[in-house]
Structure formats: C-alpha cells, structure tokens
C-alpha cells in the first residue's frame, strides 16, 4: 500500500483501507509495543488528509509524531513496518533520516507550528507554492511553544492549515450535528463566493459597509451560539469545527474546501483514541504507549512480580506524603508514566498535572516552595531539558527547596533518541548548589527518597533513575528501607590497589566481568557533590581509575572527577566510560547499552585495554 492508493480516490476505497491499516497497526504493535491508542484514532484523519493533500507535493508536519504510524504505512514503509521500534528498524516517530516525507522529526510536543512556520517562510523566499499543514493534538496545544507560535501566524502572514486532533472528548449528538452543519456552511464555496461578490458590489457604499458588518454579526452570533467564544478566531485564525474525525466523507469535503484558502485556518477534528479496537477504546491510557500484548484479548504481556522504578517512586512518595503534609506532587501530563496515579487518587489536593508545560511545572513548584510546601516535580529526563531556565532562574537563584524526580534517565529503549535521558547529569552539574543522586536499585531509590524527606534536605535535590524494572515487592522494599548518608559513596569491593572503578547508579550492575581483574568497585550514588573523602582515599591507594555512567560523557560525572584531579594536581590515569556525543538509535536497552559499550563484556574489554596501554606507557 502507498500514497497512490489514497490520493484522489473515492471515499468507499478509503473506508476499506482504514480497516486494512488498523489491522496492520494492531498486529505490529502487539508484538513490538508502541503508541496504539493515538494511532488507531487518526487512521481516517490521515487517509482523508492525504486524499486531498498529497504529502509528496504538500508539506505535512506531525506534532510529537507518536501518531504517525498510518503516515509511515502510506509513505513507503508498509513492509518495513514490522521493524517498528526495533534496533535497525523504523522509528516510532517521524525522522528526517528515515524518509523525505517525514518533513520534521519530533518526539516532544508543541514543536510543529513553529517548525511549519519556518518551512513556510523558506518556501515563500524560494518562490515555491506548497500547502503547509500541521497535525497537532489537543494535549500538545497546551504547550507554551505551540501557543507562542499560534500568536505569530497573523504577524507572519501565514497560510498554515492546522488540523487540531482532539481526542480528549467525544462528540455529543447535538453539538456534533450543529457543528458539522455550521462547518459545511462556513466552508461552502457558494457561501464564500456569495459573500465576496456581495462585498465587492457594495464596497465603498455606506449600505455595503453596514450590510457587511451586519452579516459578520449574524455569523458571529451563530458561531457563539453553537460553540461559544472562539479562541482561535480571537487570534485572527479561521476556525472550522469541531467535526467527526472518523467521518471520511465530511473530512475530505472540508479539506477540499480549505485547500486553496489564502489565510490560516484551524480545522478542529474530534477522534476517539483506540478507535476500532475495543481494549484500546476502553483503556486508552494503557494502550497509549502499549507494552507487548495479546491482540485477541488485549491483555499486556508483563513480567510477573516485577515493579518499575516509576512505580517504586510513586508508591514511596505517597507513603511519605501520608505522613508529611508539606509534600506536593507535580507532573507534566505523565501521571501514569511517572507512577503518580495512586498519589493523585488518594491525595488529589496535593497533586497537579499541569499538562505539557514543563517550564510552568517548575515555576509552579517554586511558588509552592515559597509558600512553605515541599514540591516534587516528576518529569522524564528528556522533557525536563525544556525547563532548564526555570530550574536556574526560578528555583536555584532564589535558593528554594524543590525535589526533581528525573524519570527515564539514561537510555530508554524503543522510544529512541527523542526520549533518551542522557543530558541531566551535565544539566544539574551547571546548576549552582544543586544535589544529584542516582540510585543503583529500587531499594536504594526508596532509601534516598526517605532520606530526602525525613532529613528535610534543602535546596535543589535531583534524583535520576532509569527506565527499568526489578523483581521485587514494594511492601518488602519499604520494610527494608531506611535513611542513609546519601552523599557517601560505598566501596562494595576492595581490590589489589591497582584499579578503582567508580560506577554511577545502575552501572554498578554491569561489572561482573571485571571481578577477574581484582578491582576496587565503588558505588557512586551521589554524582554531585563528589565524595571527596572517598576520592582522596582512592587516589592515595590506587594507580588507575575508571568512571562509568549512563549519560553523555561531555559534561558528565567522569569530567567532574578529572576536573577535581586537575584542581588538586593529582596525576593518575583515568578512563571515562559513558555515551559519546552521538544520538543513540532506538532498540532495546540491552542493544543500546551494547552499542554504547556499556554492557558487561564491553566494559571489561575497555578496562583491559586501558590497563595494558597505561602499564606499557608507564
């Protein structure tokens, strides 16, 4: 199947194609995992859009792009689709490297309108006549960058066509019918032509001016009666809808009518997450970023008895908050992903999901801190990058007490380079007086959280943990947990005094092959500040040093160790292992660790090579 099967064909064929595509998506995602609900929801929308706007000629930018599976299937990747999110296969997001029809790569929400404005401006400078379209979700529209860009459309004389995919609500029969009728009326060529002709005939006369004003008032009154005051038209954008995002006839008719508009327009389309697959329709949250599942029953394929770091964080924070009324939890549209759903249900007055507004989440936390609460901001590492200015300006500069729970730190697996959390160590190293912890296992995560709260740690406290799970029971973890000295590194193994290995967080679990070298192994649970007492002891008693971290080497923990040595005129050989300055492709975490040479065998080979080289040089 390809675009020739879709562009310009009749609606009856599109209806058949929608069934074929939906089946294909379910088959592949059930095996590979991926974003199911949102993709099933836009099958008809994508078919209708590409029926009218050929993406080989026009430009379509998909916001976030986690709903671009139908787009991929239609743009030359039908056979490759079985490799979705697998190592060496196609990405779960749009990617400039993957296809020329992936017009802009995205894994973060809210970037599409700004990118499309830039593309449109460049095409205008080059005198290329193309339609530029954006498909953006209602959730992404809450993002500040999206709202800023909407505000620029008129000033830039844009003609963007924005398809607002609203899957956050259903269409009521009355509202849907009225809105569809109104959409047809407002986009009808006859209506538009009649209005323009009438305006031209009466232009310049007092009667004409009054008539046009009256016509406008009537139209606005109708619109406000049907759907209330219009946000988009207050920005100078034509707004059509809402319309049914599964009605192929209606959508193709509307898209044909807007194709030659000479002004910006927003088409508000209502879709149903998980459309056509009952388990996903009933539970769109689970199937948003679906694990592998049985396509017949919809039951996820899970490891029995395993608990994720996110779940451990959420359960621990809830337990602590039930004792400490100052604790307040904040997330950016990720209550389930960050493990905070139970917290939100049991302590709703001390929980806030502010949508895809990472910057606002951090400043909101700063406000809570000023007023005496103890806010925890739980955001994926890759998304927290967006709030660097707020961390520095609104929290650090004012010396406020905020805890940052950095989920998905390190390599995240199948979501790939848009979602890796490889920059957070470097980020917090540049934030004055901040503290950064990184637990190596789920028990230590509980211990660190208990210590932060029960010892009432002040200032910026960040704790990063990987996207992983362990075979464990939370009640047992809680019963075994205790407060600890979070700043002290732990010497897990004393070696022969030749080489000391400093392993950050979960990297401590990848050193089994090194035992044959008889190294001293140090568990670094605190990346910042450095445990200078332990470091000085190691420098006095060892000849060679290896640092290992699951993050970018540039600006990372290894650099901080080398900087410390330079400052104190310590001349020892150091090998720093981590992720080089390259974006790591999608695949399993195991495959990514091996690619970055952070798996046990690669670490062993690197250390052996390092020691041979240094001994020979000496």
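The values are calculated or read from the model by the stated rules, or taken from the named source; none is laboratory data. Source: prediction; values computed, not measured. As a convention, Cβ positions derive from the backbone with ideal geometry for all residues, glycine included, and neighbour counts pool all protein chains shown.
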Inset, instruction - Evaluate the stretch 114-133: report whether one residue or more is closer than 27 Å to residue 33 by Cβ, part of a loop (DSSP other than H, G, I, E, B) and in the same structural domain as residue 65 (by TED's automatic domain parsing). - result: no
Legend entry - Subset of the stretch 69-101 [touching a helix residue (DSSP H, G or I) at 6+ places or on another chain (Cβ under 8 Å), under 22 Å from residue 288 (Cα atoms) and buried (at least 21 other Cβ atoms within 10 Å of the Cβ)]: 69, 70, 71, 72, 73, 74, 84, 85, 91, 92, 93, 94
Inset, instruction - Go through 597, 589, 571, 613 for me and flag whichever is assigned by TED's automatic domain parsing to the domain that holds residue 535 and within 22 Å of the chain's Cα centre (by Cα). - result: 589
Inset, instruction - Only one of these is closer than 30 Å to residue 33 by Cβ, in contact with a helix residue (DSSP H, G or I) (Cβ under 9 Å, 6 or more places away or on another chain) and touching a residue at least 40 places away in the same chain (Cβ under 8 Å): 577, 598. Name it. - result: 598
Inset, instruction - Could you pull out the residue among 511, 449 that is touching a helix residue (DSSP H, G or I) at 6+ places or on another chain (Cβ under 9 Å) and in the same structural domain as residue 549 (by TED's automatic domain parsing)? - result: 511
Inset, instruction - Could you list all residues from the stretch 248-296 that are in a loop (DSSP other than H, G, I, E, B), surrounded by fewer than 19 Cβ atoms within 10 Å (Cβ to Cβ) and over 22 Å from the mean Cα position of the chain (by Cα)? - result: 259, 260, 261, 262, 263, 294, 295, 296
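Yes/no per residue for (1) in a helix (DSSP H, G or I); (2) closer than 27 Å to residue 285 by Cα; (3) in contact with a helix residue (DSSP H, G or I) (Cβ under 7 Å, 6 or more places away or on another chain):
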{"position": "1", "(1), (2), (3)": "no, no, yes"}
{"position": "14", "(1), (2), (3)": "yes, no, yes"}
{"position": "50", "(1), (2), (3)": "yes, no, yes"}
{"position": "56", "(1), (2), (3)": "no, no, yes"}
{"position": "67", "(1), (2), (3)": "no, yes, yes"}
Inset, instruction - Go through the residues of the stretch 297-306 one by one and say whether even a single one is touching a helix residue (DSSP H, G or I) at 6+ places or on another chain (Cβ under 8 Å), surrounded by 12 or more Cβ atoms within 10 Å (Cβ to Cβ) and in a loop (DSSP other than H, G, I, E, B). - result: yes
Inset, instruction - Please name all residue pairs, on different chains or six or more residues apart, with Cβ atoms under 7 Å, provided the first residue is in the stretch 508-519 and is surrounded by fewer than 13 Cβ atoms within 10 Å (Cβ to Cβ) and the second residue is outside any loop (DSSP other than H, G, I, E, B). - result: 512/600
Legend entry - Unique residue being surrounded by 15 or more Cβ atoms within 10 Å (Cβ to Cβ), in contact (Cβ under 8 Å) with a residue 24 or more places away in the chain and under 30 Å from residue 96 (Cβ atoms) when the list is 530, 538, 553: 553
Inset, instruction - Working carefully through the options 340, 436, find the one that is over 26 Å from residue 489 (Cα atoms) and either buried (at least 19 other Cβ atoms within 10 Å of the Cβ) or at pLDDT 95 or above (or both). - result: 340
Inset, instruction - Considering each of 345, 322, 359 in turn, give the residue that is in contact (Cβ under 8 Å) with a residue 40 or more places away in the chain and either out of contact with any helix residue (DSSP H, G or I) (no Cβ under 6 Å at 6 or more places or on another chain) or under 21 Å from residue 401 (Cα atoms) (or both). - result: 359
Inset, instruction - Working carefully through the options 159, 154, find the one that is surrounded by fewer than 23 Cβ atoms within 10 Å (Cβ to Cβ) and modelled with pLDDT of 95 or more. - result: 159
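Table: residues versus (1) farther than 18 Å from residue 159 by Cα; (2) modelled with pLDDT of 90 or more; (3) not assigned by TED's automatic domain parsing to the domain that holds residue 42.
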position	(1), (2), (3)
203	yes, no, yes
210	yes, no, yes
222	yes, no, yes
235	no, no, no
244	yes, yes, no
251	yes, yes, no
258	no, yes, no
272	yes, yes, no
Legend entry - Pairs where the first residue, in the stretch 122-139, is farther than 11 Å from residue 161 by Cβ and the second is surrounded by fewer than 16 Cβ atoms within 10 Å (Cβ to Cβ) and at pLDDT below 95, C-beta under 8 Å, 6+ apart: 123/129; 138/168; 139/168
Legend entry - Failed item, numbered, when residue 310 is tested on (1) farther than 22 Å from residue 459 by Cα; (2) out of contact with any strand residue (DSSP E or B) (no Cβ under 7 Å at 6 or more places or on another chain); (3) assigned to a helix (DSSP H, G or I): (2)
Inset, instruction - List every residue pair whose Cβ atoms lie under 7 Å apart, where the two residues are 6 or more positions apart in sequence or sit on different chains, the first residue falls within the stretch 363-390 and is more than 24 Å from residue 420 (Cβ to Cβ), and the second residue, located anywhere, is at pLDDT 95 or above and assigned to a helix (DSSP H, G or I). - result: 363/390; 363/394; 366/394; 366/395; 375/365; 375/368; 375/369
Legend entry - Among residues of the stretch 491-507, those that are buried (at least 17 other Cβ atoms within 10 Å of the Cβ) and closer than 25 Å to residue 589 by Cβ, counted: 7
Legend entry - Total residues in the stretch 22-50, condition surrounded by fewer than 24 Cβ atoms within 10 Å (Cβ to Cβ), more than 25 Å from the chain's Cα centre (by Cα) and in contact (Cβ under 8 Å) with a residue 24 or more places away in the chain: 0
Legend entry - Residues located in the stretch 452-482, provided they are surrounded by 20 or more Cβ atoms within 10 Å (Cβ to Cβ) and part of a helix (DSSP H, G or I): 452, 453, 477
Legend entry - So residue 336, is it within 20 Å of the chain's Cα centre (by Cα), in the same structural domain as residue 389 (by TED's automatic domain parsing) and not in a strand (DSSP E or B): yes
Inset, instruction - Count, please, the residues in the stretch 52-70 that happen to be more than 19 Å from residue 270 (Cβ to Cβ) and touching a residue at least 60 places away in the same chain (Cβ under 8 Å). - result: 6
Legend entry - strands (runs of 3 or more DSSP E) enclosed by the stretch 355-449 - at least 3 residues per element that are within 15 Å of the chain's Cα centre (by Cα) and at negative phi: 374-380
Inset, instruction - Kindly indicate whether residue 564 is in a loop (DSSP other than H, G, I, E, B) and either surrounded by fewer than 16 Cβ atoms within 10 Å (Cβ to Cβ) or at pLDDT below 95 (or both). - result: no
